[in-house]
Number of protein chains: 2
Amino acid sequence: MAFQYLTNVPLEQAVEDYLNVLEKNGLTHQSEHVPVPLSAGRITAAPVYANICAPHYHACAMDGIALYAAVTFGATETTPVLLTDAQFVPIDTGDPLPDECDAVVMIEDVVQTEGGVLLHAPATPWQHVRQIGEDICAGEMILPSFTVISPAATGAMLASGILSVEVVKKPVVGIIPTGDEIVLPTDEPKSGEIIEFNSTIFTGMLEEWGVQAKVYPIVKDELSLIEAAVLKALEECDAVVLNAGSSAGRGDFAAQAIRNVGQVLYHGIAIRPGKPAILGYVNSKPILGVPGYPVSAILVLEYLLQPILNRMCARPMPKATHVEASLSRNFNSSLKYSEFVRVRMGRVQGRLIASPLQRGAGVVSSFAKADGIMEVPQNVEGYPAGSTVRVRLLRTIEEIENALVITGSHDPLIDEIAELMRRSWPEAAVASSHVGSMGGIFAIKRGEAHVAGVHLLDEETGGYNEAYIQKYFPDGGVTLISCVQRQQGLIVQKGNPHGIKKLADLAQPGMRYVNRQKGSGTRILCDYLCKRDNIDTSTIYGYDREELTHNAVATLIKASSADAGLGIYSAAQIYGLDFIPVCMEQYDFLVSDDALKLPAVQRMLETLKSEAFSQRIREMGGYEAANPGSFR
Amino acid sequence: MAFQYLTNVPLEQAVEDYLNVLEKNGLTHQSEHVPVPLSAGRITAAPVYANICAPHYHACAMDGIALYAAVTFGATETTPVLLTDAQFVPIDTGDPLPDECDAVVMIEDVVQTEGGVLLHAPATPWQHVRQIGEDICAGEMILPSFTVISPAATGAMLASGILSVEVVKKPVVGIIPTGDEIVLPTDEPKSGEIIEFNSTIFTGMLEEWGVQAKVYPIVKDELSLIEAAVLKALEECDAVVLNAGSSAGRGDFAAQAIRNVGQVLYHGIAIRPGKPAILGYVNSKPILGVPGYPVSAILVLEYLLQPILNRMCARPMPKATHVEASLSRNFNSSLKYSEFVRVRMGRVQGRLIASPLQRGAGVVSSFAKADGIMEVPQNVEGYPAGSTVRVRLLRTIEEIENALVITGSHDPLIDEIAELMRRSWPEAAVASSHVGSMGGIFAIKRGEAHVAGVHLLDEETGGYNEAYIQKYFPDGGVTLISCVQRQQGLIVQKGNPHGIKKLADLAQPGMRYVNRQKGSGTRILCDYLCKRDNIDTSTIYGYDREELTHNAVATLIKASSADAGLGIYSAAQIYGLDFIPVCMEQYDFLVSDDALKLPAVQRMLETLKSEAFSQRIREMGGYEAANPGSFR
């Protein structure tokens, strides 16, 4: 269990030093010639000068007649000029201007008559003639170096007789996945097998950056094999990404492999996630050791590799769009690291709100959901809720501004509603997060969401939600929208091997329960039911094991990591688990009155009232809906 | 010479009606399955649900030991707990959590000792364990429909056991170039041959829009051939673009061909350029008749085809970025049309300035140069200089804001300076236009440019520029930057067949002169020289024929459209023409003092002082430079 210490270099310094050492060693762009019709989107490597003029001859610019303008001088409405056939030439647009002619008269202005044509107005010399070089003169610079070639520019080049153009060669980045445990993508991985999807993510990112990716076969965790793979990739590529084994633990050979073939500038960057990155190189070729966790890996590529690749592509770093947003909850950060936190965003009551997503570096889905990256500088120990924070956008601000922000209690119906909204309005977007029913109430109170899913039992009346609204919104300002009645029950393993029939059975020895987090409607219901039935919850093993969603509870039962949990029918059904009904409860949406008139909320209400929604809840099972979308 | 009248439908109505008729006929998106690793950038056609959980087993999240947390309870710094080898399992990150274990302790916190390991702190259950479904639960919706698949989303799909994804099929658009006169790209076109580059421009645009282009061979202007080509394309494609022959003149068969195979909704849209567009269709397949001039064609594709294609791609129209800018000069427009005007833009003295580029629909280079499109609504008859106008951006606002705005006298050196700047600073951009020396002085005065090229002879002193600066900027506020001395002379045909030796020879009968525009330094010089030599300019044929640049003058002489013109040596050299030196003149840059400190101007000054610049002017010939970049 040998242990090796890493450096902790600030990000900006790492990037600058890495670029400097590579440039000192000759890092630059390379060029190649491509046919102009294939050049759109590429970057010029040299200035482009016109070969020929465009047009390359005096071209008639109208259908009509060509003539020598002087013969028309003096023509007026009342004293037209008669031209004989010898004095004009019928022409079409694009025809060369005949010799001795210097003007074109539009066919609309030509009156046919006996012995020729009549003109009622004089022509001015060079009218309706596209003179040689009117568009582009031979020898003129059409594009300077390091310019992205637009579709129009391909036309300008072809128009000026350029058939091939010198562009920056796309760098090729070799990606080497390593690890004894990783396997090619499969839908039936065995326990302990990790699906190798990083190289797919990297390829997509590199292609977005105008770089070519070359993915190598998976290499086992063995120093000599990794070294051989790196040497091969160095031969065939302009840069190498070694993924993973970049930590300093047992079986982390990346740093050693890079040292054996080249040099390591830094091993360990002061960023989180992404700390174990290795900045290596051989001459001017970068070899980046990238951590295995996808979120770390994505950030390391973005912040440490992209600047190098942009240099190799001879283009300035694309300017990321940053916005200031209001943080939805307290956030603690380490003084040791710059931290990059995925956030969901939305515009609520005029404020742009940033809600941090799950922090785990392994949570790739959070990157797919994220609207932005909150950048917490090194030497900042976090921010209290409501702080103004800096966020790098991952979507356009319009998409974010248009999104419906839903929080509160989790129900798979929220995703289904989002889907139905998109089917009717492709621009509709939903940013949802799960903080439990009470969390939803507070989010609405703080103006951080448009809508919150709530199912809160009032122990005194047995009613749902209304008592809480009266308590937390004594002055009103919110509206309850009816959604569904849903079946709550005990989710248990297939065939119910422990013969669980009621809540009290959970206290039996050997039984492992998995609970929902405090403040969730399901937890409140569970607490209430236990109290009602005089069950001492301290006798239920696992009562303190908390999960955030119905699906998470069902997942753990499916995996035999727990024996039972209270949850909704649809979660049991997805996993093919047994379900013991306990009660029906009312699941509503709480909407702030400010938000009611927003198009996004109106779309949601319309969706709730739709036949498509009714059909969907019938298919999912465990729901009943009397009048979804109506005001309660 | 039959003539057919066109409709003049407002653009918004045309787009709406076209979409409506196509949708009524069944226009929609189609879908296909693609492997997830190839899906980045594609658009989901159905919601994507996770197949398996990610992680799909309880995974150790650290290198260290796995154990049952309860056995560590009570451990403290002073009273460590000793675990025997039977009580823990050494594990690495990613290993499955062994049965009966529910926590991982990091290797850093494990002290090896005789008979086992010592722990100085208790483990909490599930610490450093990535529980099943922590990232994604099976059955969870990962992506809703009609969502662009990000690289991270490809990872999320593979992580949850999804190998193939249903995406929107890229529509295929068939492009049919037509015309007797058009030829495949060549660098040696004959007179009357028009190089077919529109299909290359279209292909680039369609690919940017996520659509596949299929270019058909050029079809001659013959109705039956065009009709056959359209029928073939309809069979093989989802939409057809017929280019050109969309006007209503002789040999314009597009409308008839479309009517013969389908229907024409409108022929003639109230836009300029682009009026002769034809909105045709067969069932739900659009057939667009597109004018031949590239600028018209680009606009017709953008404004009339893109909305249809976005519907076929199941995505909302990308939101164009519009800005308000200050118009640099008067602009007249027709009340009959919405007009789309290419503009160059720049930020000068805090104002965003829009300068209209050449208006001709055939001027494809203006599209390559344009920073934006000024949109002049129908029923607006134009704007006076200084008006606030609405511009759709073609570049990012950052690129525009960073650009150095140069105007005034034309010299090919300006392009060379831009090129050298880009070589040193890839983010450097130059927006140049040519309005003559006097135009440059007024542009600086009005705050519409950072820098103006000037070479203005003071007839009294024989000096250059300074007298004009004193006259037009009596209160100062501007600085003259020395650039070059340049050779002015008579550009004449190769071998000087007319034996021209001096300006007076231009008045000989049969001689055809081509002049520069009034207000240009070269015109002022020419007027001065004629006056000095007592030449009556009315005796010089073509003295009123005005061109805007040295290259344009040389081009007309090269094409034997004129016999002589006053201009600079480098223009003669580019075209292999003879040159009769007349005088050396001082070419300077006038810079407003506000602009002097801008990075863009500083870069220009640094470039003028560079050895690379000196070398370039030596190569070009006809220039001398004493101290370029210094303040005069």
Test result for A:I136, in contact (Cβ under 8 Å) with a residue 24 or more places away in the chain and within 7 Å of another protein chain (Cβ to nearest Cβ): yes
If you go through region B:447-462 one residue at a time, how many are surrounded by fewer than 18 Cβ atoms within 10 Å (Cβ to Cβ) and either part of a strand (DSSP E or B) or free of Cβ contacts under 8 Å to residues at least 24 places away in the same chain (or both)? 4
All positions within region B:170-188 that are facing another protein chain (nearest Cβ under 8 Å), open to solvent by 50 Å² or more (accessible area, probe 1.4 Å) and at pLDDT below 95: B:E181
If you go through region A:277-284 one residue at a time, do you hit one that is over 23 Å from B:P55 (Cβ atoms), surrounded by fewer than 20 Cβ atoms within 10 Å (Cβ to Cβ) and without any contact (Cβ under 8 Å) to a residue 24 or more places away in the chain? no
Only one residue in B:T555, B:T539 is in contact with a Cys (Cβ under 7 Å, 6 or more places away or on another chain) and at pLDDT below 95, so which one is that? B:T555
Against the definition (surrounded by 18 or more Cβ atoms within 10 Å (Cβ to Cβ) and either at pLDDT 95 or above or under 30 Å from the mean Cα position of the chain (by Cα) (or both)), how does A:A270 come out, yes or no? yes
When region A:383-413 is checked residue by residue, the ones that are among the hydrophobic types (A, V, I, L, M, F, W, C) and facing chain B (nearest Cβ under 9 Å) are A:L394
For region A:538-554, give me each residue that is without any contact (Cβ under 8 Å) to a residue 40 or more places away in the chain and assigned to a helix (DSSP H, G or I). A:S538, A:T539, A:A552
Please report, ordered by residue number, the helices (runs of 4 or more DSSP H) entirely within region A:592-631 with at least 1 residues that are surrounded by 18 or more Cβ atoms within 10 Å (Cβ to Cβ) and of a type in the set (K, R). A:599-608
Select from region A:340-392 the residues that are basic (K, R) and more than 15 Å from the chain's Cα centre (by Cα) and write down the one among them that is nearest to A:T549 (Cα to Cα). A:R359
Residue that is open to solvent by 30 Å² or more (accessible area, probe 1.4 Å), of a type in the set (S, T, N, Q) and facing chain B (nearest Cβ under 9 Å), where the choices are A:S164, A:S145, A:S191, A:S224: A:S191
Considering only residues of region A:194-213 that are over 18 Å from B:I162 (Cα atoms) and either among the β-branched types (V, I, T) or touching an Asp or Glu at 6+ places or on another chain (Cβ under 7 Å) (or both), which is most open to solvent (accessible area, probe 1.4 Å)? A:A213
Which one is nearest to the chain's Cα centre (by Cα) among residues in region B:58-94 that are surrounded by fewer than 20 Cβ atoms within 10 Å (Cβ to Cβ) and within 30 Å of A:P185 (Cβ to Cβ)? B:D92
Of everything in region A:133-157, what is under 13 Å from A:Y49 (Cβ atoms) and either part of a loop (DSSP other than H, G, I, E, B) or of a type in the set (G, A, S) (or both)? Give them in sequence order. A:C137, A:A138, A:G139, A:E140, A:P144, A:S145, A:A156
Between A:I580, A:I535, A:I524, A:I557, which is crowded, with 17+ Cβ neighbours inside 10 Å, assigned to a strand (DSSP E or B) and out of contact with any His (no Cβ under 8 Å at 6 or more places or on another chain)? A:I580
What is the one condition in (1) touching a residue at least 12 places away in the same chain (Cβ under 8 Å); (2) within 14 Å of chain B (Cβ to nearest Cβ) that A:L38 does not satisfy? (1)
Would you point out the residue of region B:332-356, among those that are in a loop (DSSP other than H, G, I, E, B) and open to solvent by 30 Å² or more (accessible area, probe 1.4 Å), that is farthest from the other protein chains (Cβ to nearest Cβ)? B:Q349
Filter result for the condition that a residue is closer than 30 Å to B:P307 by Cα, open to solvent by 40 Å² or more (accessible area, probe 1.4 Å) and within 13 Å of chain A (Cβ to nearest Cβ), over B:T44, B:T28: B:T28
Hey, among the residues in region A:366-382 that are under 18 Å from A:R344 (Cα atoms) and among the aliphatic types (A, V, I, L, M), which one's nearest to the other protein chains (Cβ to nearest Cβ)? A:A368
Those residues of region A:535-554 that are out of contact with any Asp or Glu (no Cβ under 8 Å at 6 or more places or on another chain), among the β-branched types (V, I, T) and either facing chain B (nearest Cβ under 10 Å) or under 13 Å from A:A572 (Cβ atoms) (or both) come to a total of 1
What number of residues within region A:408-430 satisfy the criterion of being touching a residue at least 40 places away in the same chain (Cβ under 8 Å) and assigned to a helix (DSSP H, G or I)? 8
Out of B:L22, B:L82, B:L67, B:L11, report the one residue that is within 30 Å of A:D109 (Cα to Cα), touching a strand residue (DSSP E or B) at 6+ places or on another chain (Cβ under 9 Å) and touching a residue at least 24 places away in the same chain (Cβ under 8 Å). B:L11
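So that you can scan it fast, the table gives a plain yes or no per residue for (1) touching a helix residue (DSSP H, G or I) at 6+ places or on another chain (Cβ under 8 Å); (2) of a type in the set (D, E):
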| site | (1), (2) |
| --- | --- |
| B:P37 | yes, no |
| B:P47 | yes, no |
| B:D63 | yes, yes |
| B:A66 | no, no |
| B:P80 | no, no |
| B:P90 | no, no |
| B:I107 | no, no |
| B:H120 | yes, no |
Take A:Y575 and decide whether it is over 18 Å from A:D458 (Cα atoms) and either at pLDDT 90 or above or not basic (K, R) (or both). yes
Conditions (1) touching a His at 6+ places or on another chain (Cβ under 8 Å); (2) more than 15 Å from A:S561 (Cβ to Cβ); (3) within 13 Å of another protein chain (Cβ to nearest Cβ); (4) touching a residue at least 40 places away in the same chain (Cβ under 8 Å) -> B:V111 fails only (4)
Per-region count, region B:285-303, residues surrounded by 24 or more Cβ atoms within 10 Å (Cβ to Cβ), within 14 Å of B:Y18 (Cβ to Cβ) and touching a residue at least 40 places away in the same chain (Cβ under 8 Å): 6
Pairs please, first residue from region B:601-629 and at positive phi, second anywhere and among the hydroxyl-bearing types (S, T, Y), Cβ atoms under 9 Å, 6+ apart in sequence or on different chains. B:G621/B:Y569; B:G621/B:S570; B:G622/B:Y569; B:G622/B:S570; B:G629/B:S482; B:G629/B:T607; B:G629/B:S610
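The values are calculated or read from the model by the stated rules, or taken from the named source; none is laboratory data. Note that this is a predicted model, so its numbers are computed, not measured. Ideal geometry is used to build each Cβ from the backbone, glycine not excepted, and the neighbour counts take in all protein chains shown. Remember, those area values only see protein heavy atoms, side chains included, never the ligands or the DNA or RNA. Shrake-Rupley method; radii C 1.70, N 1.55, O 1.52, S 1.80 Å.
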